[in-house]
1. Give the share of C-alpha pairs in each 5 angstrom bin for region 184-275, from 0 to the last occupied bin, in whole percents, shortest bins first.
2. Hey, with R₀ at 22 Å, roughly what FRET efficiency would ASN81 and SER225 work out to, going by the Cβ-Cβ distance, to 0.05?
3. How much length is gained on full extension from ASN184 to ASN299, taking 0.36 nm per residue of separation minus their Cα-Cα distance?
4. Binned at 5 Å from 0, what are the whole-percent values of the Cα-Cα distance distribution for region 230-300, short to long?
5. How much length, in nm to one decimal, is gained on full extension between VAL274 and ASP324, taken as 0.36 nm per residue of separation minus their Cα-Cα distance?
6. Taking the Cα centre of each part, how many Å lie between region 127-165 and region 251-293?
7. Grab region 255-337 and count how many Lys pairs have their alpha-carbon atoms under 16 Å apart, sequence gap of 8 or more, or different chains.
8. So what is the diffusion coefficient of region 94-240 in µm² per second by Stokes-Einstein at 10 °C and 1.306 mPa s, using a Kirkwood Rh over Cα pairs?
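Each reported figure results from applying straightforward, stated rules to the coordinates on display, with no laboratory input. Bear in mind the structure is a predicted one, so any value in this text is a computation, not a measurement. Quick reminder, even Gly has a Cβ in these numbers, built from the backbone with ideal geometry, and neighbours come from all protein chains shown.
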Amino acid sequence: MASIYRGISKDFYHTQYERGGYLFYSIGGISLVKEGEATGMQKHYGSSLMQRHDEDLANVTLGYNFSRAPGVTSINTDYNNLGQIYYQRGTSTFVGGTSTSDGNGIFVQEFNGQDSASYSGRVAQGLRFKKSYFYFGDDIVLLASGISNNSSNNDVETGLLQEAVSAGENEFSFANNVTTNASNYDAIYSSTDVPWMFNNSQNVGLYLMPNQNYKLFKGSQTFGSLTGDVVSTYLTHDSQTEGWYEYIMRLNTSKTEMQTLDSNMKSSTPDYEVLRRDEKAHIVRSENHNSTGYAIFDNTDLVLPEGSLKTADKQCVVMLQEKDGDMNLSISYPDKK
């Protein structure tokens, strides 16, 4: 299992497609790809979710809500309010990332629908967020800050996991013995009480830091012209003063490993620590990898008391790794300024 993130930049277009009455609508998200199971077009684009040609429609999960695809932050609205956009661009040039020679990396994206006339009158015209993805081996630490829709969070969601219901193949396991083996669910859980979930068909687990609410849905779902039985988990941001999220996606894992991660994250020396998550910077420390990742969204002389990087005077993405007494540095300016 691998993960691929597709962002949307002000400099590079991305099209929302409609085929067969089905609209593939998302501003950016994570695609989970199993080698050998994607079509030719899907492999070309590295995505198991964003099909765009008629011959690929047979592979679309019936009822799949692309607005709740993994990692997608979107407005909860009626499908009929969505519209096809050709050659759509983002609202910021600060979209991109960096990586180290041993495979660790960071990807960043910021979006503000009010900064682009192309979103005027559309669902996403008031949507904004700043996101970062910190890659450490099979683990991805996902952060977001400043999530809102016209300064409100009442109708904003972020997709976690979603797939077709398949008896005996895709039952989710949760902390505290919450299961999905009944025929229908529509419940909200707190990550403080139920911090992790595991999907055995994809061998993917999610660990959510405390004080976040997410919904577990299982049942019949209609999206566009297609209806099917799906199981879905997604964050709801309505209880947050300023929308945010913090969670870890672990690939190629097991239920036992998720239980171990839960214990570790509650210890005095967790595998991952979020040092900062605000409008100016996202910073994550990985003890196992002796690395600290920085997503700097601010263009001023930003003082950074967290970690080895002390100041930054422009937007940038930095990964610092201590190794054999040396400091390895990987840095990128995705906006090319």
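1. Going from the shortest bin to the longest, the percentages are 3, 12, 20, 21, 19, 14, 7, 3, 1, 0, 0.
2. Details: r = 16 Å, r/R0 = 0.71.
My answer for the efficiency is 0.90.
3. Answer, rounded to one decimal: 36.6 nm.
4. 3, 11, 17, 20, 21, 16, 8, 2, 1, 0
5. Result for the pair: 15.6 nm of gain on full extension.
6. Rounded to whole Å, the Cα centres lie 17 Å apart.
7. Lysine pairs meeting both conditions in region 255-337 amount to 4.
8. 92 µm²/s
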